[in-house]
Amino acid sequence: MKKLITTLILAASATTAFAADVQVTENISVDTTWTADNEYIFGKPIFVVDDATLTIEPGTTIYGFEDIANQTFGSLVITRGAKIMADGTPAAPIVFTALEERDGVPLEGGGTRPITTTDNMKWGGVILLGKAVVNGPGNIYLDPTNTDNPPTFEIEGFPSGSSDLITYGGIDDTDNSGVLRFVSIRYGGFEFAQDEEINGLTLGAVGSGTTIEFIEVYNNSDDGIEFFGGTVDVKYMVMALNEDESFDWDQGWRGKGQFWLAVQKDNGVGSNYGAEMDGGDSDPKTLMPFATPVIYNATYIGSGVGGLNGQTNATWRMKDNTGGFYYNSVFTDFNEYAIRIDDADTENMFTIGELGNGGNVFGTFGDYDGTVASLARSGSAAELGMLAGMDNTNVVLGDELVVASVVRETVEEDAAAGQDGLDLLSFDPRILDFDGPAYDPATMIEYPVDDAFYSVVDHKGAVGTFNWLRGWTYLDTGLNLMPTSSEDLDTDAEFSNISTRALVGTGDNEEMNIGFVIEGTEPQTVYITGKGPSLPPALVANPLADPKITLVDPSTSSVISENSSWKESSNRGLIEATTIPPSDDLEAAIVATLAPGSYTVLVESEGAEGGISIGEVFLYR
């Protein structure tokens, strides 16, 4: 499997090495495709307008830069009604980055140097603007008759009134701005005026019809990602070494999130809060709809206990009447405290049950003195209640890292250049203490019933035993910051090469059964497939047209997971991250983390006819 991964990466590099530069200078008003055999470069904001769709092929790289002569900066803005279809893959992610990452950072005396973690603001960012509801005066939640003139706003990062293309907001919470999947955004956050930077990924009133998952924002000068109203759901997010907040929401965002990872930086400007949560910025700030997103399985790693970060480095800042919920998450390695609630309105949101959390683990904090109260900025009842969590299910350790490892130290070149702080040299975001609170079912909050968005896992935090960042993030493939080998698909494990072929019928007891055992004392992650449509007709006379797989615990006869079309799975991105997803959309796949014990996979026909199927089980180390 490692050889396969290496081949794919080398192939992608070979493709881009001979890519042609395409200068993008005009807005996009018709359906357009950017292809992986070109590299696209812009030094001004490019707007996708007039309901056009911009499709970006997997493996495509887009470069932004500051055009000093014309005082403009490269950014990509998807306006209301337009769409972006940027559907990358783990082997061929789509990259938005600074031109200086490729060409080097110019030196005053001539020549260039490689770009570093203290370089950003080199271009703008990626901005999606939609038609969902924001909680301004007169929105349809307050006045259902106001469908013709709902409140709209201009997105931050541009001079006020500079363009009618920077407007967001409307009445359609199911609005669809397209797809962002396996996308890396790097070195952005151009500041056109003081405190007027662009986020790495900005989502203004983006609706729930939009798909956003497997996104990395690296070393942005402002927030990694910010939500302004809307209802978009986001999954598998990586916010790395950004200089303001990692995650920020505002104006009544009501989406869902799962598997959010943040790792912050100590060197250079440093990082601020793990998350800033604002309810709204209109007067009054108490307008409905409230900001009430529900987040499961976050891991926020701060800038480091004992670091030199000049900014306040804490986990949460909650203000302006925000609501929202964090469950089954891990917060650790912050230089100061865990929670700050700014105002009485937000404290009231906690009191009335619109703001809360539970099942979380608080690891190591610089302000920890042996008391829970030391992790609260003011020590208010709301702050202490948030630290306790729903039904007292939070666990405050105070001085334990929880994640596998974080290594920071001063790099000589940075110190010689007068840059304070510690560089992140390596980290392993997995949680491997199976006897610790991150795997304790007694303090786990149950996942919502009948909500296909959330994946049910047995661990707290964003990453369990399988490191889904491997192979597509800049943290891994560009900077090599994560340990190698132990997270790769282990095709040499005892039962990883189970491959069973059988005739599957359509009646009772005509399914294929595959049994396997998880040995030892630790949970393991398995990847299971049911194939049929992709089997070559020359070798298989009657392939099963529509397989379905069901993972069962035979000791209780309970169904753990089932799937009949892998692209419709809530774990689609994780299946793709294996680098060997099924090659036909009708084939089935499951990724699951299982405790030691015996398990059975049933391969059945979802259609009216039977046929030959191959069922496979792989094990991750």
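The values are calculated or read from the model by the stated rules, or taken from the named source; none is laboratory data. On a predicted model such as this, the values are computed, not experimentally measured, just so you know. So basically every Cβ, Gly included, is an ideal-geometry build from the backbone, and we count neighbours across all protein chains shown. Ligands, DNA and RNA are stripped out before the accessible areas are found, and what is left, the full protein with its side chains, is counted by its heavy atoms. Shrake-Rupley method; radii C 1.70, N 1.55, O 1.52, S 1.80 Å.
What the table below lists for this structure:
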| read-out | value |
| --- | --- |
| Pair Leu308, Leu107: separation of 7 Å Cα→Cβ label points (nm) | 2.3 nm |
| Rounded accessible area per residue of the chain, 1.4 Å, Å² | 38 Å² |
| Derived scalar couplings ³J(HN,Hα) [segment 440-448; Karplus, 6.51 cos²θ - 1.76 cosθ + 1.60; whole Hz; x for Gly, Pro] | 7, x, 5, 10, 7, 8, 5, 7, x |
| Most to least packed among 596-603, 312-319, 125-132 [average Cβ atoms within 10 Å] | 125-132, 312-319, 596-603 |
| Segment 220-273: C-alpha gyration tensor shape, a/c 1.5 cut-off, then a/b vs b/c | oblate |
| In sequence order, calculated HN-Hα J values of segment 46-54 (Karplus, 6.51, -1.76, 1.60; Hz; x Gly/Pro) | 10, 9, 8, 10, 6, 6, 6, 10, 9 |
| Ala20 paired with Asp435, simple spin-label distance in nm, labels 7 Å along Cα-to-beta-carbon | 6.3 nm |
| Heavy atoms of Glu400: accessible area, 1.4 Å probe, square angstrom to 10 | 90 Å² |
| Accessible surface of segment 226-346 [probe 1.4 Å, protein heavy atoms]: carbon and sulfur percent | 47 percent |
| Sequence-distant residues sharing a close amide H with Arg186 (under 5 Å, placed H) | Phe96, Thr97, Ala98, Tyr218 |
| Span-like helix ranges in the chain, DSSP H, alpha carbon extent 20 angstrom or more, Kyte mean at least -0.5 | 2-17 |
| J(HN,Hα) series, segment 541-556, from Karplus relation 6.51 cos²θ - 1.76 cosθ + 1.60, nearest Hz, glycine and proline x | 5, 9, x, 5, 6, 8, x, 10, 10, 9, 9, 10, 8, x, 5, 10 |
| Leu203 - accessible surface, heavy atoms, 1.4 Å probe, Å² rounded to 10 | 0 Å² |
| Whether segment 295-448 is rounded, prolate or oblate, judged on the alpha carbon gyration tensor where a/c under 1.5 counts as rounded | oblate |
| Signed unit charges on C-beta, dipole axis of segment 523-621, positive-most listed residue Val603, Pro537, Thr593 | Thr593 |
| Cross-link pairs beyond the 19 Å C-alpha cut-off, checked among Lys460/Lys548; Lys83/Lys285; Lys235/Lys460; Lys131/Lys285; Lys531/Lys567 | Lys460/Lys548; Lys83/Lys285; Lys131/Lys285 |
| Ranked by how many other beta carbons lie within 10 Å on average, peptides 390-397, 443-450, 264-271, 61-68 from highest | 264-271, 61-68, 390-397, 443-450 |
| Most to least packed among 369-378, 34-43 [average Cβ atoms within 10 Å] | 34-43, 369-378 |
| Cα centre as origin, Lys/Arg/Asp/Glu Cβ charges: segment 41-88 dipole, Debye | 100 debye |
| Computed magnitude of the charge dipole of the chain (debye, nearest 20; Cβ of K, R +1, Cβ of D, E -1) | 980 debye |
| Extended-chain gain in nm, criterion 0.36 nm per residue less alpha-carbon gap, Leu142 and Ala502 | 123.7 nm |
| Segment 546-621: C-alpha gyration tensor shape, a/c 1.5 cut-off, then a/b vs b/c | oblate |
| Straight-distance crosslink candidates among lysines, where the alpha carbon sits under 17 Å from Lys122 and sequence neighbours closer than 8 are dropped | Lys44 |
| Computed Rg/Rh of segment 87-179, alpha carbon atoms with Kirkwood Rh | 1.16 |
| Of [x] 90, 57, 48; [y] 114, 54, 52; [z] 68, 63, 59, the label for Cα extents along the principal axes in Å derived from the coordinates | [z] |
| Reference-scaled alpha-carbon Rg (2.2 N^0.38 Å with N residues) for segment 28-146 | 1.32 |
